[in-house]
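The values are calculated or read from the model by the stated rules, or taken from the named source; none is laboratory data. Every value quoted in this text rests on a predicted model; they were computed, and no experiment measured them. So basically every Cβ, Gly included, is an ideal-geometry build from the backbone, and we count neighbours across all protein chains shown. Surface areas here come from the heavy atoms of the whole protein model, side chains and all, with no ligands, DNA or RNA. Shrake-Rupley method; radii C 1.70, N 1.55, O 1.52, S 1.80 Å.
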Amino acid sequence: MATVYADSQDGYITRFNQSSWSNARATTTGTNSSSTIQNVAFGVGAWAAAARGGGTIFSIYRSFFFFDTSGISSNVSEATLKIYGRSLTNGDLIAVKSNSDIETLGTGDFGSIVGWNTTTDGSGGGDNESNVTKYSAEISTWGTGYQDIALNSTALADMRDDDKLYICLLNTDYDLRDIEPTGSSDNRCGLYYSAYTGTSRDPYIDYTLAPTTTDNSIFFGTNF
């Protein structure tokens, strides 16, 4: 098994405290971003909260990572994305393919997801499940310490074929599927980034290369 760590430019982008779900989601530009933060309690999330003076505000957080896979040229048999979780742990998430723009992460990369469509109506009209390139199944539970996200065959092929693997983690139930959170809901996952001191909590991928097969069969002639 081999390991590759995320580039130090990993981080999050948010649309924070918006007056409507559409304002939070129907855009490719965030309100805040960071590629230097060590950890955050809501690195992935989509939630509603009561606004001061009445009404509701909406926020979306997405996290972005990329990995140098230029040294991988043969088939990858399995790979696991390891993200160190912290509170909060109330949401779900999925890994999808991001664009190379995230190498210099900023607010303009909020929609840097391959296939992403900003159409939003809050009732599933902007569901992006069939548009994005999924790199994992939905992760329905989150916790503290390292969390394992099994990467699928599409991600394994990109690890082999591409020099870099670009990943976005986003909330599945609300953000990906365009379902407006109702009431005061809390759907947030906390996590650590590469800026954390040392590597004990850094994001990384453990992967295994498929064995190389050699055809050493010897065929003997047969008289008929």
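General observations
- The residues of the chain expose on average 46 square angstrom of accessible surface per residue, using a 1.4 Å probe on protein heavy atoms.
- Count Lys and Arg as plus one, Asp and Glu as minus one, and take only other residues whose Cβ is under 12 Å from that of Leu176; the net charge is then -3.
- Relative contact order of region 1-104: 32 percent, from C-alpha pairs under 8 Å at least 6 residues apart in sequence.
- Close amide H partners of Glu78, meaning residues 5 or more places away or on another chain with modelled amide H under 5 Å apart, are Thr208.
- For the chain, the Kirkwood hydrodynamic radius comes to 18.2 Å, computed from all pairs of different C-alpha atoms.
- Count Lys and Arg as plus one, Asp and Glu as minus one, and take only other residues whose Cβ is under 9 Å from that of Thr133; the net charge is then +1.
- Within region 178-206: backbone nitrogen closer than 12 Å to the Ala41 label point (7 Å, Cα to C-beta): 188-191
- Percent accessible area from carbon and sulfur atoms, region 45-173, protein chains only, probe 1.4 Å: 38
- Near Asp178, the amide H atoms lying under 5 Å from its own belong to Asn128; only residues 5 or more places off or on other chains count, and H is placed 1.01 Å from N.
- Each of Asn32, Ala79, Phe65 was scored by the projection of its Cα onto the charge dipole of region 1-129, and the greatest displacement toward the positive side belongs to Asn32; charges sit on the C-beta of Lys, Arg, Asp and Glu.
- Rounded to whole Hz, the Karplus (6.51, -1.76, 1.60) HN-Hα couplings of region 142-157, x for glycine and proline: 9, x, 8, x, 5, 10, 9, 10, 5, 7, 8, 5, 5, 5, 4, 5
- Sites listed here are GluC sites (Glu not before Pro) in region 36-139 whose DSSP assignment is loop and whose Cβ has at most 15 other Cβ atoms within 10 Å: Glu129, Glu138.
- Computed helical MRE - 222 nm, the chain, DSSP H runs ≥ 4 contributing -39500 (n - 2.57), nearest 500: -1500 deg cm²/dmol
- 3J(HN,Hα) from dihedral phi, region 67-73, Karplus parametrisation 6.51/-1.76/1.60, rounded to Hz, x for glycine, proline: 10, 7, 10, 5, x, 9, 10
- For Asp92, the residues 5 or more places off, or on other chains, whose built amide H falls under 5 Å of its own are Thr172, Asp173.
- For the chain, a crude dipole built from +1 on the beta carbon of Lys and Arg and -1 on the beta carbon of Asp and Glu, taken about the Cα centre, is about 580 debye to the nearest 20.
- With a cut-off of 13 Å between beta carbons, the residues surrounding Thr80 carry a summed charge of -2, where Lys and Arg count +1 and Asp and Glu -1.
- Spatial separation of Cα centroids for region 141-162 and region 43-66, in angstrom: 25
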